[in-house]
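Single-structure report; data block below.
The values are calculated or read from the model by the stated rules, or taken from the named source; none is laboratory data. Since the model is a prediction, treat every value here as computed from it, not as a measurement. Heads up, the Cβs are rebuilt from the backbone with ideal geometry, glycines too, and the neighbour counts pull from every protein chain shown. Protein only, heavy atoms only, side chains kept; ligands, DNA and RNA dropped before computing areas. Shrake-Rupley method; radii C 1.70, N 1.55, O 1.52, S 1.80 Å.
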Amino acid sequence: MNEMSRPLVLVVEDEAPLVTLLRYNLEKQGFRVDEAGDGGEALAKITESPPDIVLLDWMLPTLSGIEICRQIRRRPATRNLPVIMLTARAEDQDAVRGLDTGADDYITKPFNTEALIARMRALLRRAGTVPTKNRLGFLDIDLDPATHRVMRNGRTLHLGPTEFRLLEFFLRHPKRVFSREDVLNAVWGRDIHVEPRTVDVHIRRLRKAINGPGETDLVRTVRAAGYALDAEAA
Ligand code: CA
């Protein structure tokens with residue numbers, strides 16, 4: 001599996017031994033892992049390098065897991081971000097269940113890592129971010145990673161290799177806003193030095209390649225934030 005197709009998990013947890021354990025098991029299962037020890041750090045990381053899923057501890061210093069979850073749901077870019085809440089047995093399970101936290105699922109500590117990973121995969125599959133052999137699609141665009149064929153509205157599109165990878169990246173995270181840095185890291189890789197402006201050049205080429213006359217521009221420019229694959233372009 002290449003770097004780009006491995007789902008990124010943000011673990012928001014203040015108990016270091018649990019973070020170490022989760023990182024070890026998740027990486028073994030093909031996830032990339034990012035960590036945050038409190039709410040401020042979590043929200044900053046979600047903005048800087050958007051994860052595919054968040055494991056969120058309920059009891060955290062400063063902001064509680066519930067408050068972090070509410071903030072995630074409030075932001076348009078992360079409204080649909082899958083969140084699994086980690087709770088301790090001592091916490092009132094009925095309260096956890098009954099509260100409108102906005103979390104997609106929760107798991108009680110101590111938990112079995114395999115059970116957690118199974119739930120994560122189910123959520124990711126629902127969110128469409130688990131890599132499959134299937135085609136990737138968004139509205140009238142269709143990309144087949146196996147054959148590298150891209151179609152829009154029934155016609156074949158001709159993309160350069162970088163534009164193809166850009167489109168594949170956006171199709172794996174539709175409607176999510178990515179900064180130029182995020183795009184650079186995902187499409188070019190962290191080890192390669194490329195000027196952020198290079199992203200703009202390739203975005204322009206991508207637009208030219210995928211948008212036919214009279215068709216909706218599917219690449220949205222978000223002022224001071226970056227780009228997203230989205231139909232509400234104008
Ligand atoms: Ca805790």
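Scanning the range 11-26 for residues that are assigned to a helix (DSSP H, G or I), open to solvent by 10 Å² or more (accessible area, probe 1.4 Å) and within 17 Å of Thr87 (Cα to Cα), we see that the one that is nearest to the ligand (Cβ to nearest atom) is Leu18.
Give the number of residues within the range 175-219 that are assigned to a strand (DSSP E or B) and without any contact (Cβ under 8 Å) to a residue 40 or more places away in the chain. Even if it seems obvious, please write down each step before you answer.
Start the filter on the range 175-219 by keeping residues that are assigned to a strand (DSSP E or B), which leaves 178, 219.
Those still in the list that are without any contact (Cβ under 8 Å) to a residue 40 or more places away in the chain too: none.
Total meeting the criteria: 0.
Tally the residues that are open to solvent by 50 Å² or more (accessible area, probe 1.4 Å) and either within 12 Å of the ligand (Cβ to nearest atom) or under 16 Å from Leu123 (Cα atoms) (or both), restricting the search to the range 74-89. Break it down stepwise before answering.
Within the range 74-89, the first condition is being open to solvent by 50 Å² or more (accessible area, probe 1.4 Å), and the residues that meet it are 74-76, 79-80, 89.
With the extra rule that they be either within 12 Å of the ligand (Cβ to nearest atom) or under 16 Å from Leu123 (Cα atoms) (or both), the set shrinks to 79-80.
Counting residues in the range 74-89 that are open to solvent by 50 Å² or more (accessible area, probe 1.4 Å) and either within 12 Å of the ligand (Cβ to nearest atom) or under 16 Å from Leu123 (Cα atoms) (or both) gives 2.
Scanning the range 157-174 for residues that are closer than 15 Å to Arg205 by Cα and assigned to a loop (DSSP other than H, G, I, E, B) yields His158, Leu159, Gly160. When Thr147, Thr221 are checked against the criterion of being open to solvent by 30 Å² or more (accessible area, probe 1.4 Å), under 27 Å from Leu81 (Cβ atoms) and of a type in the set (Val, Ile, Thr), Thr221 stands alone in meeting it. Within the range 185-217, restricting attention to residues that are open to solvent by 50 Å² or more (accessible area, probe 1.4 Å) and of a type in the set (Asp, Glu), the residue that is nearest to Leu166 (Cα to Cα) is Glu195.
Look through the range 59-73, keep the residues that are away from the ligand (no atom under 16 Å from the Cβ) and within 29 Å of Val187 (Cα to Cα), and return whichever of them is least open to solvent (accessible area, probe 1.4 Å). Write out each step before concluding.
Applying the first criterion (away from the ligand (no atom under 16 Å from the Cβ)) to the range 59-73 yields 70-73.
Within this subset, residues satisfying the condition of being within 29 Å of Val187 (Cα to Cα) are 71-73.
Working: Gln71: 47, Ile72: 2, Arg73: 51 Å².
Looking at the filtered set, the residue picked out is Ile72.
In the range 41-58, which residues are within 15 Å of the ligand (Cβ to nearest atom) and more than 12 Å from the chain's Cα centre (by Cα)? Write out each step before concluding.
Let us first name the residues in the range 41-58 that are within 15 Å of the ligand (Cβ to nearest atom), namely 41-42, 54-58.
Matches in the range 41-58: Glu41, Ala42, Leu55, Leu56, Asp57, Trp58.
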